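The values are calculated or read from the model by the stated rules, or taken from the named source; none is laboratory data. A quick note: this is a predicted structure, and the numbers were derived from the prediction, not measured. For neighbour counting, all protein chains shown are included, and Cβ atoms are generated from backbone atoms with ideal geometry for every residue, glycine included.
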Amino acid sequence: MVEGGDTVASTAPAIAWGGGSAAGRGSAVSDELADFGEFVQASLPGLLRYGHALTGNPHDAADLVQSVLEKIGSRWAHVQRKTADPLAYVRRAMANAHISRWRRLKRETLVAELPEQRTPEPVDPFEHEPLWQALRELPPRQRAVIVLRYYEGLSEAEIATSLGVSAGTVKSQASKAIATLRTKIGSVSGGRDEW
């Protein structure tokens, strides 16, 4: 959501092209705007779910999707020429943006006073799903590896390139994450190994 209650899909073309008119550039630019708007409308629900899986939070997911769509919208024609699958390109950009944000924020900041207590947020529909709870408790890098491997379907080499780590690190992070998920899901399911 953006200011005024509009959705990302309804404002994406204006954001992507700076709100300027396409006059003087012909109908090609307006066609590109229409193509991008259609792409956003068709892909937005899936991108929000993917962002939610990456960030563990629907609000951060919406921010991630919006920031990535803003950047890609300004280069939409180039993205269409460069890639055969723009959706995969957007998902890769989301994973990279999430990892970059995580790296910037992973530094601990100390404060003199404790922050005020916040009011509780509305309950997430996945809040009581054991797999979702276990996934959310994984460290960010392990969560990113699992999401990229099993949600995005990327190979270990592609994940390593995307995250800027070695293939061995991807394998070890995936192994640790799966072991953690098995332990946590196994304790919830009464010890049955359903994997």
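When the range 16-67 is filtered for residues that are surrounded by fewer than 20 Cβ atoms within 10 Å (Cβ to Cβ), under 19 Å from L87 (Cα atoms) and modelled with pLDDT under 90, the ones remaining, listed by number, are D31, E32, L33, A34, D35. Annotation note: Cβ proximity below 8 Å between a residue of the range 53-79 that is on the phi < 0 side of the Ramachandran plot and charged (D, E, K, R) and a residue that is surrounded by fewer than 20 Cβ atoms within 10 Å (Cβ to Cβ) and modelled with pLDDT under 90 (sequence gap 6+ or interchain) occurs for E70/I15. Residues that are surrounded by 21 or more Cβ atoms within 10 Å (Cβ to Cβ) and within 17 Å of Y50 (Cα to Cα) within the range 73-92 comprise V90, R91, listed in sequence order. A count restricted to the range 97-112 and to residues that are more than 16 Å from P139 (Cα to Cα) and at pLDDT below 90 stands at 4.
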